[in-house]
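Visitor: The structure is given below, and queries will be raised subsequently.
The values are calculated or read from the model by the stated rules, or taken from the named source; none is laboratory data. The structure displayed is predicted, hence computed values, not measured ones. So basically every Cβ, Gly included, is an ideal-geometry build from the backbone, and we count neighbours across all protein chains shown.
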Amino acid sequence: MSKKSYLFAEDSFFLSRRKFIAIGAAFAAALALPVGWFSSKLERRNEYIKARTEGLYKDDAIAKLRVSHANPAVEKYYKEFGGQPLGHLSHDLLHTHFVDRTKLS
Amino acid sequence: MTHQHDMRPIQKHPLNVRIFHYILLLSFLPLAATGLLLYFKPLSQAGMQLTYDIHIIAGVVMALDAVAFTLMAFDRVVLFVSRVFSFSSRDVKWFMVLGGYPQKFLLGKKVPVPPMNKYNSGQKLFGACVLIGGTILILSGLVLWLIPHAAPRDVVYFLGQAHLISGLVLTAFLPVHLFLAVYRFDDFKAMMVHGNVPYHDAAEYTPLWVEKEIVPVTANGEPATGK
């Protein structure tokens with residue numbers, strides 16, 4: 001390849017240094033803004049799940065009844081009708097039975 | 001009477017720009033074709049999978065090309081940005097006659113066209129679309145390919161739409177660009193072969209560029225800055 005195949009070229013310094021830096025910075029900022037927007041979206045993608053979890057824990061902490069076996073209605077059921085937890089009647093009434101319906105046809 | 005053209009060469013597209021343009025060309029053409037196939041889905045499952053694979057590979061090539069050029073030739077990128085985003089009353093006048101091209105092609109008439117810099121107003125518009133659209137395509141494409149499961153669903157949908165619109169706009173520009181590129185054959189040879197345009201061509205189509213930015217080069221190929 002010959003060293004020089006042309007007689008004229010662009011003057012490399014036709015843009016002033018100040019303008020060069022300003023345009024370069026604007027270009028970099030224009031690239032950085034959408035990248036920053038996306039990364040913040042990505043970072044905050046689970047925020048609504050976290051907020052919901054926090055809300056549930058908060059509700060739980062301030063609830064009057066925090067465990068099911070302290071529920072007066074449940075206590076009353078066992079006392080007046082169901083007998084013992086995991087007893088025969090309770091097992092029959094409260095446990096779900098599974099029926100395989102996958103081969104109905 | 002014979003008319004002699006001034007054939008002295010002016011360097012218009014340096015080697016790094018030509019290499020960048022070649023890789024862009026070789027990656028964008030398959031990207032546009034496979035992009036349309038991915039949108040209309042005319043092929044079988046295996047065919048669509050192959051189309052997707054080609055789209056990804058060509059997309060990675062284009063992304064690497066753009067990143068490498070931005071890092072290695074940042075000065076050219078800044079000059080390009082400066083040129084395509086410059087705007088003056090000349091551009092309004094240029095668009096009012098559309099560079100005189102329709103009159104030339106359809107009516108065989110030559111109308112006066114305002115003097116242009118290195119790129120005419122249409123090329124500047126195309127350049128801005130390529131710069132913005134290309135950036136959108138690369139960034140959104142990377143997200144859609146690599147982390148569609150991790151990014152928020154509404155953002156993925158938005159990026160998908162942005163990818164589609166940018167891709168369609170740039171693909172629509174493609175036939176116009178190819179036609180005008182071959183029509184301006186001196187410029188075509190400059191971009192595809194040796195980088196130089198003859199002085200008479202530059203003086204006719206880009207008089208402001210010749211007047212304001214072009215200087216004679218010294219024996220070792222450096223611009224002789226005399227301003």
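Visitor: Any residue at all in region A:64-71 that is part of a helix (DSSP H, G or I), under 30 Å from B:Leu131 (Cβ atoms) and polar (S, T, N, Q)? Don't jump to the end; show me each part of the working.
Guide: As a first pass, look at region A:64-71 and keep what is part of a helix (DSSP H, G or I): A:68-70.
Still in the list and also under 30 Å from B:Leu131 (Cβ atoms): none.
Within region A:64-71, not a single residue is part of a helix (DSSP H, G or I), under 30 Å from B:Leu131 (Cβ atoms) and polar (S, T, N, Q).
Visitor: Also, I was wondering about something else. Is one or more of the residues making up region A:98-105 loosely packed, with under 10 Cβ neighbours inside 10 Å, more than 39 Å from the chain's Cα centre (by Cα) and under 30 Å from B:Glu213 (Cβ atoms)?
Guide: Checking region A:98-105: not a single residue is loosely packed, with under 10 Cβ neighbours inside 10 Å, more than 39 Å from the chain's Cα centre (by Cα) and under 30 Å from B:Glu213 (Cβ atoms).
Visitor: Could you go through region B:18-30 and let me know if any residue there is at pLDDT 95 or above and within 13 Å of chain A (Cβ to nearest Cβ).
Guide: Checking region B:18-30: at least one residue is at pLDDT 95 or above and within 13 Å of chain A (Cβ to nearest Cβ).
Visitor: Now for a separate question. Condition check: surrounded by fewer than 10 Cβ atoms within 10 Å (Cβ to Cβ) and among the basic types (Lys, Arg). Does A:Lys50 satisfy that?
Guide: no
Visitor: Right, another one. Among the residues of region A:15-37, are any surrounded by 13 or more Cβ atoms within 10 Å (Cβ to Cβ), more than 14 Å from chain B (Cβ to nearest Cβ) and among the aromatic types (Phe, Trp, Tyr)?
Guide: The answer is no, given that none of the residues of region A:15-37 is surrounded by 13 or more Cβ atoms within 10 Å (Cβ to Cβ), more than 14 Å from chain B (Cβ to nearest Cβ) and among the aromatic types (Phe, Trp, Tyr).
Visitor: Right, another one. With respect to A:Leu15, determine if the residue is within 30 Å of B:Thr135 (Cβ to Cβ) and not aromatic (Phe, Trp, Tyr).
Guide: Values: within 30 Å of B:Thr135 (Cβ to Cβ): yes; not aromatic (Phe, Trp, Tyr): yes.
So A:Leu15 passes the test.
Table: residues versus (1) farther than 30 Å from B:Ile10 by Cβ; (2) at pLDDT 95 or above; (3) part of a helix (DSSP H, G or I).
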position	(1), (2), (3)
A:Ala9	no, no, no
A:Arg45	yes, no, no
A:Ala61	yes, no, yes
A:Ala73	yes, no, yes
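Visitor: Identify the single condition in (1) away from chain B (no Cβ under 14 Å); (2) closer than 25 Å to B:Ile147 by Cα that A:Phe81 does not satisfy, given that it satisfies every other one.
Guide: A:Phe81 satisfies all of (1) away from chain B (no Cβ under 14 Å); (2) closer than 25 Å to B:Ile147 by Cα except (2).
Visitor: Can you name the residue in region B:80-131 that is in contact with a Pro (Cβ under 8 Å, 6 or more places away or on another chain) and among the basic types (Lys, Arg) and is also farthest from A:Ser12 (Cα to Cα) among such residues?
Guide: Among those residues, the one meeting the criterion is B:Lys93.
Visitor: Can you name every residue in region B:1-42 that is of a type in the set (S, T, N, Q) and out of contact with any strand residue (DSSP E or B) (no Cβ under 7 Å at 6 or more places or on another chain)? Step through it out loud before you land on a result.
Guide: Kept after step one, since they are of a type in the set (S, T, N, Q), are these residues of region B:1-42: B:2, B:4, B:11, B:16, B:27, B:34.
Scanning region B:1-42 gives B:Thr2, B:Gln4, B:Asn16, B:Ser27, B:Thr34.
Visitor: Ok, one more. Give the residues of region B:1-23 that are closer than 13 Å to B:Ala73 by Cβ and touching a helix residue (DSSP H, G or I) at 6+ places or on another chain (Cβ under 8 Å), sorted by residue number.
Guide: Once the filter is applied, which keeps residues that are closer than 13 Å to B:Ala73 by Cβ and touching a helix residue (DSSP H, G or I) at 6+ places or on another chain (Cβ under 8 Å), region B:1-23 yields B:His13, B:Pro14, B:Asn16, B:Val17, B:Arg18, B:Phe20, B:His21, B:Ile23.
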